[in-house]
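Chemist: Please read through the structure below; I'll follow up with questions.
The values are calculated or read from the model by the stated rules, or taken from the named source; none is laboratory data. These figures come from a predicted structure and were not determined experimentally. Note that we place each Cβ from the backbone using ideal geometry, even for glycine, and neighbour counts take in every protein chain shown.
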């Protein structure tokens, strides 16, 4: 029988030959690799690892919080009566003093209502006095006196309400500040609770943000802090507020930094970075490659104890630099495994080679280091 090989058959045979060669080569490589086991086992049966004696340094720790500037106080002034806007005394962005008129409303018949309420009050006062005199003479009973007292109280309430309504015709600034927004124009008809203007107070002003839950416990009301604004300006102040309960959505704690603003030149909503200094603490500078996660998912680093047994140190990252990271959680002096940590288990006794004693070409457990646990 004669077989005729076409181009497709020849390509298939070539691919089979290449695949077989790759598998054979891989098997040989794997076999050769077992000639040099990755961890170096000493005659004592202990694995050999490189250890560095690390001395901590006192480092300043700053808690950094992203935030923004905000007014110390903000209020929307609203109407208390149904009337018309007849004059606007202050424009948007203009500074106002406490008690200054910002908007004037039409008085309508409120002066007459006040006069009527006042006259009614005077009449009720006379009637109540007469009722008391008649009661003493035995001509009035207690119920009649009580009725006169009730009518007098009602007249007082009417007069007070009318006087307050007339006073609200002039919309005044509740504190020194800036007219930020105006919602009405001259001639607008307004009803009860209609917003008229927004007044902001920037003396002092606030820098607000949200602190991570791991840092919130280290910040207290009254702590000195600073904030770097997006403009490049650096301002200083005190922590005015930090929430006692975290935001359920972000698990962060709102914070407010109060900053003096004698010039009054500040705006709301500028991006800022709050820095809250903390007491100095011992920290160690290490390579990020040494960081691992244990079975519980905690970030840490492997070291050895006095008996040369592998231990796990829980750590926190203090700050990062181009040449390494600063971590806290180690003792002032710590023995950290720097080579071979991926091949030894917690509690295992090892043969340490301290970094200052190690020879350049000395074989260690990390001859084939894996990033690791």
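Chemist: With (1) touching a helix residue (DSSP H, G or I) at 6+ places or on another chain (Cβ under 8 Å); (2) assigned to a loop (DSSP other than H, G, I, E, B) as the list, and residue 331 as the residue in question, which single condition is left unmet?
Modeler: (1)
Chemist: Working only within the stretch 161-210, note down all residues that are in a loop (DSSP other than H, G, I, E, B) and without any contact (Cβ under 8 Å) to a residue 24 or more places away in the chain. It would help to see each step written out before you state the result.
Modeler: So in the stretch 161-210, the residues in a loop (DSSP other than H, G, I, E, B) come out as 168-169, 173-176, 183-188, 191-194.
Within the stretch 161-210, just 183 meets the criteria.
Chemist: Among the candidates 317, 301, single out the residue that is assigned by TED's automatic domain parsing to the domain that holds residue 347, farther than 23 Å from residue 343 by Cβ and free of Cβ contacts under 8 Å to residues at least 60 places away in the same chain.
Modeler: Testing whether each residue is assigned by TED's automatic domain parsing to the domain that holds residue 347, farther than 23 Å from residue 343 by Cβ and free of Cβ contacts under 8 Å to residues at least 60 places away in the same chain leaves just 317.
Chemist: Need the failing condition index for residue 266 against (1) part of a strand (DSSP E or B); (2) crowded, with 16+ Cβ neighbours inside 10 Å; (3) not assigned by TED's automatic domain parsing to the domain that holds residue 336, just the number.
Modeler: (1)
Chemist: Still on this structure, I have one more. So which of 65, 49, 75, 96 is touching a helix residue (DSSP H, G or I) at 6+ places or on another chain (Cβ under 9 Å) and either more than 30 Å from residue 346 (Cβ to Cβ) or at pLDDT 95 or above (or both)?
Modeler: Among 65, 49, 75, 96, only 65 is touching a helix residue (DSSP H, G or I) at 6+ places or on another chain (Cβ under 9 Å) and either more than 30 Å from residue 346 (Cβ to Cβ) or at pLDDT 95 or above (or both).
Chemist: Another question, then. Could you go through the stretch 255-263 and let me know if any residue there is surrounded by fewer than 16 Cβ atoms within 10 Å (Cβ to Cβ) and without any contact (Cβ under 8 Å) to a residue 40 or more places away in the chain.
Modeler: Yes, some residue in the stretch 255-263 is surrounded by fewer than 16 Cβ atoms within 10 Å (Cβ to Cβ) and without any contact (Cβ under 8 Å) to a residue 40 or more places away in the chain.
Chemist: Another one. Which is touching a residue at least 40 places away in the same chain (Cβ under 8 Å) and over 14 Å from the mean Cα position of the chain (by Cα), of 250, 267?
Modeler: On inspection, the qualifying residue turns out to be 267.
Chemist: Would you mind stating whether residue 340 is surrounded by 17 or more Cβ atoms within 10 Å (Cβ to Cβ) and either at pLDDT 90 or above or assigned by TED's automatic domain parsing to the domain that holds residue 212 (or both)? Full working, then the answer.
Modeler: Details: surrounded by 17 or more Cβ atoms within 10 Å (Cβ to Cβ): yes; either at pLDDT 90 or above or assigned by TED's automatic domain parsing to the domain that holds residue 212 (or both): no.
No; evaluated as a whole, the condition is false for this residue.
Chemist: Just need a number here: residues in the stretch 301-325 that are touching a helix residue (DSSP H, G or I) at 6+ places or on another chain (Cβ under 9 Å), crowded, with 19+ Cβ neighbours inside 10 Å and under 11 Å from residue 283 (Cβ atoms).
Modeler: 0
Chemist: Could you please give the count of residues in the stretch 83-93 that are part of a loop (DSSP other than H, G, I, E, B) and exposed (fewer than 13 other Cβ atoms within 10 Å of the Cβ)?
Modeler: 3
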